[in-house]
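The values are calculated or read from the model by the stated rules, or taken from the named source; none is laboratory data. As the structure is a prediction and not an experimental result, all values here were calculated from the model. Don't worry about glycine lacking a Cβ; one is built from the backbone with ideal geometry, like all the others, and counts go over all protein chains shown.
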Amino acid sequence: MKFGVGMYSAQRPPDATRSFADLYGDMIRQAKLAEEVGLDSFWIAEHHFAEDGYAPSVLPVCAAVLASTQRLTAGTAVAIASFYNPIRLAEDAIALDLLSGGRFTLGIGTAYRREEFEGFGVAPETDEPRLDETVEILEKAFAGKPFSHRGKHYHVPNVTVTPPPFTEGGPPMILAGDGVIDRDAMRAAQRGKAYMIDPALPFDEVKRLVELYDGASTLDPKPELPLFNYGFISDEGDPWELMRSGFTYLRQTYDLWGGREVQEVHRENHRLILGTRDEVAAEILEYRRLFGDRLHFIMRLDYPGQDPEVSDAGVRAFGDVAKIVRLRLGQK
């Protein structure tokens, strides 16, 4: 199994003292740290036109991460398909795949914020079909052969996207969405892609969606399962208190963006991975028992407004957790 950190968002809450340049520097430093402590991947999320500067340009950040590391995979979690030209997205993804020797993963999904649709001139009702068409175009573009596409939203004349990717068939894709959750799982399975489950969902729902996805997939073996999680790790203090303020800001921001009533945030109301190194390792081993070695366990350890030294300590602790889990599984 694998271990990753994310989703990084480089948000700057109203009371923050660190600059955006500091926050972007933190991402690169923590990517290097993640590789140093033995983790496998780094993930960045995308939003646009946010007052707190939520990271909008995920592909350049992935490029910087890949250029700063030797082994780490960098991935988007997720790039919003409707806000990209599919051919240009294919070219950029291939460039990252070539530059990194196959260490880039393209996670793509849908949008939900009115401001984003308006800013890009995209009708919200076209968002889901645009994602479907984009995936189809990417698959053809990654094949390195002539193709054309005539869909409702995109028209591609007969072209060959060059150069071909480093990875046969193109960089791996993960599909996610903010629509009907069951449909999102089915889409990923039917497309033969990995599926990203919302880290805010409770454990029973995670299990149900994995079962739904596996039941709809015809691939054998099944694709890697990237499981994103909120949480924190500390042997010195209460890990919840170390993440509480930033996590509260994050979740309440999502409530506002989603047009929901803003909820008070309490640890017992969320699926959180919290504890000492040994406690978190034991919990991850239970996830691995359920989902097997295809599990790619990804933890968010950096929250808006959080002291970067706290985030760094979390990444180091997660590196220790990964070592404990691998030792108990007899893996290197």
>> Against the definition (out of contact with any His (no Cβ under 9 Å at 6 or more places or on another chain), part of a strand (DSSP E or B) and more than 14 Å from residue 109 (Cα to Cα)), how does residue 63 come out, yes or no?
In response: no
>> Condition (residue is within 24 Å of residue 278 (Cβ to Cβ), of a type outside the set (A, V, I, L, M) and touching a Gly at 6+ places or on another chain (Cβ under 8 Å)) applied to region 206-223: is it met by at least one residue?
In response: no
> Which residue out of 232, 247 is surrounded by 14 or more Cβ atoms within 10 Å (Cβ to Cβ) and closer than 26 Å to residue 49 by Cβ?
Replying inline: 247
> Quick one: residue 316 ticks every box in (1) in a loop (DSSP other than H, G, I, E, B); (2) in contact with a Leu (Cβ under 9 Å, 6 or more places away or on another chain) bar one, so which box is it?
Replying inline: (1)
>> If residue 325 meets every condition in (1) among the β-branched types (Val, Ile, Thr); (2) more than 19 Å from residue 9 (Cβ to Cβ); (3) outside any helix (DSSP H, G or I) apart from one, which number is that one?
In response: (3)
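Consider region 186-198. How many of its residues are within 26 Å of residue 317 (Cα to Cα) and either assigned to a strand (DSSP E or B) or at pLDDT 95 or above (or both)? So that I can check it myself, show each step before the final result.
Just the residues of region 186-198 that are within 26 Å of residue 317 (Cα to Cα), to begin with: 196-198.
With either assigned to a strand (DSSP E or B) or at pLDDT 95 or above (or both) added as a condition, the list becomes 196-197.
Selection size over region 186-198: 2.
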> How many of the residues making up region 195-214 are crowded, with 22+ Cβ neighbours inside 10 Å and touching a residue at least 40 places away in the same chain (Cβ under 8 Å)?
Replying inline: 1
> Exactly one of (1) farther than 18 Å from residue 8 by Cα; (2) of a type in the set (A, V, I, L, M, F, W, C); (3) crowded, with 17+ Cβ neighbours inside 10 Å is unmet by residue 265. Its number?
Replying inline: (3)
> How many residues does region 229-268 contain that are free of Cβ contacts under 8 Å to residues at least 12 places away in the same chain and at positive phi?
Replying inline: 1
>> With the requirement that a residue be part of a strand (DSSP E or B) and under 22 Å from residue 111 (Cβ atoms), what does region 157-185 give you?
In response: 173, 174, 175
>> Suppose we filter region 148-165 for residues that are touching a strand residue (DSSP E or B) at 6+ places or on another chain (Cβ under 7 Å), surrounded by 17 or more Cβ atoms within 10 Å (Cβ to Cβ) and of a type outside the set (Val, Ile, Thr); how many remain?
In response: 1
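Would you point out the residue of region 287-332, among those that are of a type in the set (Val, Ile, Thr) and either touching a residue at least 60 places away in the same chain (Cβ under 8 Å) or closer than 19 Å to residue 44 by Cβ (or both), that is surrounded by the fewest Cβ atoms within 10 Å (Cβ to Cβ)? I'd like the intermediate steps shown before the answer.
Taking region 287-332 first, the residues of a type in the set (Val, Ile, Thr) are 298, 310, 315, 321, 324-325.
Those left that are additionally either touching a residue at least 60 places away in the same chain (Cβ under 8 Å) or closer than 19 Å to residue 44 by Cβ (or both): 298, 310, 315, 321, 325.
On the way: 298: 26, 310: 17, 315: 23, 321: 27, 325: 21.
Across region 287-332, the extreme among qualifying residues is 310.
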> Can we say residue 248 is assigned to a loop (DSSP other than H, G, I, E, B) and either closer than 30 Å to residue 191 by Cβ or modelled with pLDDT of 95 or more (or both)?
Replying inline: no
> Restricting attention to region 37-54, does a residue exist that is in a strand (DSSP E or B), among the small types (Gly, Ala, Ser) and more than 19 Å from residue 295 (Cα to Cα)?
Replying inline: no
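In the set 273, 298, which member is touching a Ser or Thr at 6+ places or on another chain (Cβ under 8 Å) and aliphatic (A, V, I, L, M)?
Only one candidate qualifies: 298.
Conditions tested, residue by residue: (1) at pLDDT below 95; (2) in contact with a His (Cβ under 8 Å, 6 or more places away or on another chain); (3) not charged (D, E, K, R).
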position: 100; (1), (2), (3): no, no, yes
position: 103; (1), (2), (3): no, no, no
position: 116; (1), (2), (3): no, yes, no
position: 119; (1), (2), (3): no, yes, yes
position: 123; (1), (2), (3): no, no, yes
position: 141; (1), (2), (3): no, no, yes
position: 154; (1), (2), (3): no, no, yes
position: 161; (1), (2), (3): no, no, yes
>> Looking at 75, 144 in this structure, which one is without any contact (Cβ under 8 Å) to a residue 40 or more places away in the chain, crowded, with 16+ Cβ neighbours inside 10 Å and not in a helix (DSSP H, G or I)?
In response: 144
> Within region 207-243, how many residues are modelled with pLDDT under 95 and closer than 19 Å to residue 268 by Cα?
Replying inline: 1
